Each structure stands twice: as structure tokens, then as C-alpha cells.
1. Examine segment 75-82 for a residue that is modelled with pLDDT of 85 or more and farther than 18 Å from Ile134 by Cα, and state whether such a residue exists.
2. Residues of segment 93-141 being in contact with a Ser or Thr (Cβ under 6 Å, 6 or more places away or on another chain) and under 16 Å from Ala60 (Cβ atoms), which ones?
3. Name the residue that is surrounded by the fewest Cβ atoms within 10 Å (Cβ to Cβ), counting only residues in segment 100-115 that are assigned to a strand (DSSP E or B) and in contact with a Gly (Cβ under 8 Å, 6 or more places away or on another chain).
4. Could you check, for segment 33-44, whether at least one of its residues is surrounded by 10 or more Cβ atoms within 10 Å (Cβ to Cβ), modelled with pLDDT under 80, over 30 Å from Asp127 (Cα atoms) and in contact with a strand residue (DSSP E or B) (Cβ under 7 Å, 6 or more places away or on another chain)?
5. When segment 116-141 is examined, which residues are found to be part of a loop (DSSP other than H, G, I, E, B) and either among the aromatic types (Phe, Trp, Tyr) or more than 19 Å from Leu48 (Cα to Cα) (or both)?
6. Hey, any hits in segment 77-99 for a residue that's surrounded by 11 or more Cβ atoms within 10 Å (Cβ to Cβ), within 21 Å of Glu141 (Cα to Cα) and among the charged types (D, E, K, R)?
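The values are calculated or read from the model by the stated rules, or taken from the named source; none is laboratory data. Note that the coordinates shown come from a computational prediction; the quantities given were computed from them, not determined experimentally. Positions of Cβ are backbone-derived with ideal geometry, glycine not excepted, and every protein chain shown enters the neighbour counts.
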Amino acid sequence: MKTARLYPRTLALILSGAMVATIFAIATAALSDEKHHKPDGELQDVALGQIDMKNPMMRARRFTFPPGAKSPTHRHDGPGIRYVLEGEITIYWKDSTKHTYGPGDTYFEGPGENHPPHDMAAANEGDKPVTVLIVDLHPGE
């Protein structure tokens, strides 16, 4: 019976191929992990839990804020996701932080009070209008 003889170059090619295949398999597994991969086009995913609202309805609105405009503190009837279409909007949160969102950014506002009491909730601190798409739940009739 003949035994096959592996030459150093052939052995190196086989080992290199095995390493590439292993790295590819690990990368594929990591990308397919649901925690790290969202479907194309998904912007934000928020768990709402139990919705305590009579006859909830979903509403989509487009809101434009001129430069220098400010929004007073307010309450939300239901939860909603906001998507900035153009410009920048600064949101003041009730934990005393603020964050500026720009085109393509999303943010979530839950039901009730999200902003500091007796203070502004949002502002357009830029020199261009800001347009935000607001999709939220509100009590139906």
C-alpha cells in the first residue's frame, strides 16, 4: 500500500484554506445572531409591553420646526417613535440630559412625561428647519 506524501507547500495551502473556512464560519455565525443583525431597513425596535389605552389608534404626522423654535414641556397619550427627516432637533429629557438628533436618527418617547417639568421639551437650535416624522399610538374615539 502506498502512502501519500505531503510536501510543505501543499500542507501550508491546506492549513491556510482550513483557517479561512473557520474564520468565514465564525463571521457568518456572528452576523446571523439576532442580537447583532437587524433586517434591512429596520431603524428602531421598542418593546411596548401592555398598552393601557382604550381603542388605541396609530397615527403618523410630519412636524416641521423652524430655526429657533422651542416646544414647551408636554405629555404624550401613548408611545411613539420619531424619525428625523431633515435638520437637527435637540430633545431635553426628564433625567436632565439632552441629545441632538439629525437626519436618519430615530428616538423613542414613551407615554406620559418624557421631559423636565416647567422647562422646554425640544428645540431647533440650528439655522435650518427640522422636519420629524412622528409615529405614535393615541386613544381612539
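1. Checking segment 75-82: not a single residue is modelled with pLDDT of 85 or more and farther than 18 Å from Ile134 by Cα.
2. Thr131, the sole residue that qualifies.
3. If we take residues in segment 100-115 being assigned to a strand (DSSP E or B) and in contact with a Gly (Cβ under 8 Å, 6 or more places away or on another chain), then Phe108 is surrounded by the fewest Cβ atoms within 10 Å (Cβ to Cβ).
4. We begin by selecting, within segment 33-44, every residue surrounded by 10 or more Cβ atoms within 10 Å (Cβ to Cβ); these are 37-38, 43-44.
Within this subset, residues satisfying the condition of being modelled with pLDDT under 80 are 37-38, 43-44.
Then drop every residue that is not over 30 Å from Asp127 (Cα atoms), which leaves 37-38.
From the residues that got through so far, the ones that are in contact with a strand residue (DSSP E or B) (Cβ under 7 Å, 6 or more places away or on another chain) too are none.
So far as segment 33-44 goes, no, none of its residues is surrounded by 10 or more Cβ atoms within 10 Å (Cβ to Cβ), modelled with pLDDT under 80, over 30 Å from Asp127 (Cα atoms) and in contact with a strand residue (DSSP E or B) (Cβ under 7 Å, 6 or more places away or on another chain).
5. To start, the set of residues in segment 116-141 that are part of a loop (DSSP other than H, G, I, E, B) comprises 116-119, 124-129, 140-141.
Answer for segment 116-141, where residues must be part of a loop (DSSP other than H, G, I, E, B) and either among the aromatic types (Phe, Trp, Tyr) or more than 19 Å from Leu48 (Cα to Cα) (or both): Pro116, Pro117, His118, Asp119, Asn124, Glu125, Gly126, Asp127, Lys128, Pro129, Glu141.
6. Yes, the conditions are met somewhere in segment 77-99.
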